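Enquirer: Below is the structure I would like to discuss, written out as structure tokens.
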Amino acid sequence: MKLEQIDVIHLRMPLRSPFETSFGRSLTRDCLLIIVKDEGIEGYGECVADWEPGYSSETVGTEWHILQEFILPTVVGTEIAHPKELRKTLSWIRGHRMAKAGLEMALWDLYGKQSGQSLKTLLGGRRDRVEVGVSVGIQESPQKLVQVVEDYLQQGYARVKLKIKPGRDVEDVQAVRRAFPTLRLQVDANSAYHLENAFVLKPLDALNLLLIEQPLDEEDLWDHHHLQKAFQTPLCLDESILSLQHARQALEIGACRIINIKAGRVGGLAEAVAIHDHCLSKGAPVWCGGMLETGVGRASNLALASLPGFTLPGDISATDRYYEEDITEERFVLNADSTIDVPDQPGLGVTLNHQAVKKYQMNAFSCRNFVK
Ligand code: OSB
Ligand code: MG
């Protein structure tokens, strides 16, 4: 692939309903759409960094800067034989995994289109459809939360994740468990606790949860080990796992028993697959996390989640859980068995709705190769 031109487009899309987590409440969702061009073929990628540094220190602003000043100048005009090569090419740039992952996704899409293979096939995926669940934000009250969960169950979701934060934890989860005794249920604290106050969560151990996701700070790997020792429920790490090394170390020290894999957070699909392979060899379950992606990132998540080690349902909901209008022509729908079909067309298998892209565009820049 010769990367002749790369476009970066900052999008801001309205969410169908506000999404509240321990780090804040969002009415819109930002991302960077990355388009690589080679001989008239386009590859699409989504950089999942949000506008605010609530989930991660990487934001639209930081990734925009790193893409414009360092990443794109490094790759534009160069020849890249395979998307897996990108990691080495960009290894001199520290951090900024979401920007690197966004570009890598576009290369996977381009490579798949040029070679006539779906992303699922390229990554070694096995399933045609993957089990999914829904991530439910913090609501006004436990009663409202039960209603919102019931509505998602009626839509067909068979696994629910509840967002929790200090003051809105045990009571909320107990209410949902009481209303739905056999529901596959899990919680996500998004790093809102410290070891000193995390034991308020101990009653969750009696609620038969699939897992407790990222209770402590991103950097508190060792404290997660202490907490895991005190809990029967498996801990699952999201924010703490930025690389294969982190995944290996976390499992080795018993900081968690399950890992949430997000390609954006770990620097791309190649690293995500490496983490999957390691966890599979250690018998640790993994599942595919979500970042409220557009159809572009959602197609990528579905392909990733089709790998054999993804044994727990992913945070990959149907398009209508997030957006009235998406930037892809394709909309993803929930099947009756709480699964979503994995795209099987070359690359990501999605086409852009250019009118929608224009509508949600905040800002854009292009990096072009002028040397012939
Ligand atoms: O922690 O998993 C998370 C959304 C944005 C940022 C972080 C997280 C989430 C979600 C939503 O939980 C998952 C989805 O895309 O449905
Ligand atoms: Mg999470």
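Enquirer: As an exercise, identify the chymotrypsin sites (Phe, Trp or Tyr not before Pro) in segment 1-108 lying in DSSP coil whose Cβ has no more than 13 other Cβ atoms within 10 Å.
Expert: Sparse-neighbourhood loop chymotrypsin sites (Phe, Trp or Tyr not before Pro): Trp92.
Enquirer: Counting other beta carbons within 10 Å of each Cβ, put Arg257, Arg12 in order, fewest first. Can you show the working numbers first?
Expert: Numbers: Arg257 17, Arg12 14.
Fewest-to-most ranking of Arg257, Arg12: Arg12, Arg257.
Enquirer: Moving to a separate point now. If you stretched the chain out fully between Lys88 and Glu69, how much longer would it get, using 0.36 nm times the residue separation minus the C-alpha to C-alpha distance?
Expert: Taking 0.36 nm per residue and subtracting the Cα distance, the gain is 5.0 nm.
Enquirer: While we're looking at this one, here's another question. How far apart, in nm, are two points set 7 Å out from the Cα along the Cα-to-Cβ line at Glu219 and at Arg129?
Expert: 4.6 nm
Enquirer: Here is a further query. Considering lysine pairs in segment 46-124 that are 8 or more places apart or on different chains, how many have Cα atoms under 18 Å apart?
Expert: Count of close lysine pairs: 4.
Enquirer: Let me ask another. Tell me the relative contact order for the chain as a rounded percent, counting alpha carbon contacts under 8 Å between residues six or more apart.
Expert: On the way: 830 pairs, mean separation 83.5, N = 372.
Result for the chain is 22 percent.
Enquirer: Rounding to the nearest 10 and keeping the result within 0 to 90°, find how far the Cα-based axis of helix 142-155 lies from the longest principal axis of the chain.
Expert: Tilt of helix 142-155: around 50 degrees.
Enquirer: Moving on. Between Ala206 and Glu39, what length in nm is gained on full extension when 0.36 nm per residue of separation is reduced by their alpha carbon distance? It would help to have the intermediate numbers written out before the result.
Expert: Working: separation 167, 0.36 × 167 = 60.12 nm, distance 5.82 nm.
Here the segment from Ala206 to Glu39 would lengthen by 54.3 nm.
Enquirer: Add -39500 (n - 2.57) for each DSSP H run of 4 or more in the chain, then divide by its residues: what number comes out at 222 nm, to the nearest 500 deg cm²/dmol?
Expert: When only DSSP H runs of four or more count, the value is -9000 deg cm²/dmol.
Enquirer: Now a separate question. Just want to confirm a number: the relative contact order over segment 121-341, from Cα pairs under 8 angstrom separated by 6+ residues, in percent.
Expert: Relative contact order comes out at 23 percent.
Enquirer: If I stretch the segment between His226 and Asp320 completely, what's the gain in nm (0.36 nm per residue apart, minus their alpha carbon distance), one decimal?
Expert: So the chain would gain 29.9 nm between His226 and Asp320.
Enquirer: Now, a different point. Taking the Cα centre of the chain as origin and charging only Cβ (+1 Lys, Arg; -1 Asp, Glu), how large is the dipole, in debye to the nearest 20?
Expert: 440 debye
Enquirer: Which GluC sites (Glu not before Pro) in segment 270-372 pass both tests, a DSSP loop state and at most 15 other beta-carbon atoms within 10 Å? Can you show the working numbers first?
Expert: On the way: sites: Glu271, Glu293, Glu324, Glu325, Glu329, Glu330; in loops: Glu293, Glu324, Glu325, Glu329, Glu330.
Those that pass, being in a loop and sparsely packed, are Glu324, Glu325, Glu329.
Enquirer: For a Förster distance of 30 Å, can you work out the FRET efficiency between the beta-carbons of Asn335 and Glu171, rounded to the nearest 0.05? Write out the running numbers ahead of the final one.
Expert: Working: r = 33 Å, r/R0 = 1.11.
In this case the efficiency is close to 0.35.
Enquirer: Given points 7 Å out from each Cα along the Cα-Cβ axis, report the Glu150 to Met362 separation in nanometres with one decimal.
Expert: 3.7 nm
Enquirer: Relative to the longest principal Cα axis of the chain, at what angle does helix 295-305 sit, 0 to 90 degrees, rounded to 10?
Expert: 70 degrees
Enquirer: Return Met1, Met98 ranked ascending by Cβ neighbour count within 10 Å, so the fewest neighbours appear first. Before the final figure, lay out the partial values.
Expert: Numbers: Met1 20, Met98 30.
With the sparsest Cβ surroundings first, the list reads Met1, Met98.
Enquirer: Give the angle, between 0 and 90 degrees and rounded to the nearest 10, that separates the Cα long axis of helix 170-179 from the longest principal axis of the Cα atoms of the chain.
Expert: For helix 170-179, the angle is close to 80 degrees.
Bear in mind that the values in this text are calculations on the coordinates, not laboratory data. All values reported here derive from a predicted model rather than from experimental measurement. Here the Cβ is made from the backbone with ideal geometry for all residues, glycine too, and neighbour counts use every protein chain on show.
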